[in-house]
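Encoded as structure tokens, the structure appears first; notes follow it.
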Amino acid sequence: MAATGELIVPARYCGPPHSGNGGWVSGTAAAFVPTDDERPAVTVRLRTPPPLDRPLAVTTGEDGTVRVTDGDHPVLEASAVARPAVDGIPAAVSFAVAEAAGDGYEGLSDHPFPTCFTCGTQRGDDALDLRPGRLQDGDTYAAAWTPAADVDVATVWAALDCPGGWSAGFAGRPMVLGTMTAWVGRVPTPGEPHVVMAWPRGAQGRKFFSGTALYAAGGDLLGQAEATWIAVDPAAIRPAGS
């Protein structure tokens, strides 16, 4: 296991108030993972809530698996994998339709993590402010997004994160990200309208599964993800050792 560097999660990128946004942290860790044409995506398994504002050690194994640790506590593991299947991905709705869906965003009335970088309702211009809302078909969600000037790959992972949770049943059943597999083909253009589509992919016990896709205004697919969510008590979400 070779030391690769360190990862710090600034408080700006929180999900729950005391730990990092799962998508942003996963996307930041993914940058350490070598990918290739056969394995252009990265899968990240979160082991414990990522702590904020302190250095986390990043190491790489002989097989290319990246591990992030907080002292003796494992935070996540990341490795290169094949791109998620494109079959069954919903086509993008228009930006206007996605904006209208946001009027019904369930987080406006009940949000267990209102400080979340991606979908929190108590954030300002330093966050994404995504409001994924249910479309008329009843299962698919859409969120309008106009990326800021500092958009990067980790921000795309964050945008592909929370909408999936809401589509999987986050309202009334708090969940945290357990595993996320994402492919980012291109970073979106700042200031241009984009749409994130999200849909449920089933459930098993406390685990809930979702898919997400990011589209440019012209319908180009820029990124996609599959995620596993774990139902939790939100009051118990703290980094190991806290």
**Whichever residue in region 63-95 is loosely packed, with under 14 Cβ neighbours inside 10 Å and without any contact (Cβ under 8 Å) to a residue 24 or more places away in the chain and, among such residues, is farthest from PRO193 (Cα to Cα)** = ASP72
**Item:** Extreme residue, surrounded by the most Cβ atoms within 10 Å (Cβ to Cβ), among residues of region 118-153 that are basic (Lys, Arg) and part of a loop (DSSP other than H, G, I, E, B)
**Value:** ARG131
**Complete:** Given the conditions (1) buried (at least 19 other Cβ atoms within 10 Å of the Cβ); (2) more than 13 Å from PHE117 (Cβ to Cβ), every one holds for GLY172 apart from (1)
**Asked** Looking only at region 94-110, which residues are of a type outside the set (Gly, Ala, Ser) and either within 14 Å of ASP139 (Cα to Cα) or part of a helix (DSSP H, G or I) (or both)?
**Response** PHE95, VAL97, GLU99, TYR105, GLU106, LEU108
**Message:** Looking at (1) of a type outside the set (Asp, Glu); (2) assigned by TED's automatic domain parsing to the domain that holds ALA154; (3) surrounded by fewer than 20 Cβ atoms within 10 Å (Cβ to Cβ); (4) in contact with a Leu (Cβ under 7 Å, 6 or more places away or on another chain), which one does ALA101 not meet, given that it meets all the others?
**Reply:** (3)
**Prompt:** Looking at THR115, is it part of a helix (DSSP H, G or I), closer than 16 Å to ARG12 by Cβ and of a type in the set (Ser, Thr, Tyr)?
**Reply:** no
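The values are calculated or read from the model by the stated rules, or taken from the named source; none is laboratory data. Quantities reported herein were computed from a predicted structural model and do not represent experimental measurements. Cβ coordinates were reconstructed from backbone atoms using ideal geometry, including for glycine residues, and neighbour counts include every protein chain displayed.
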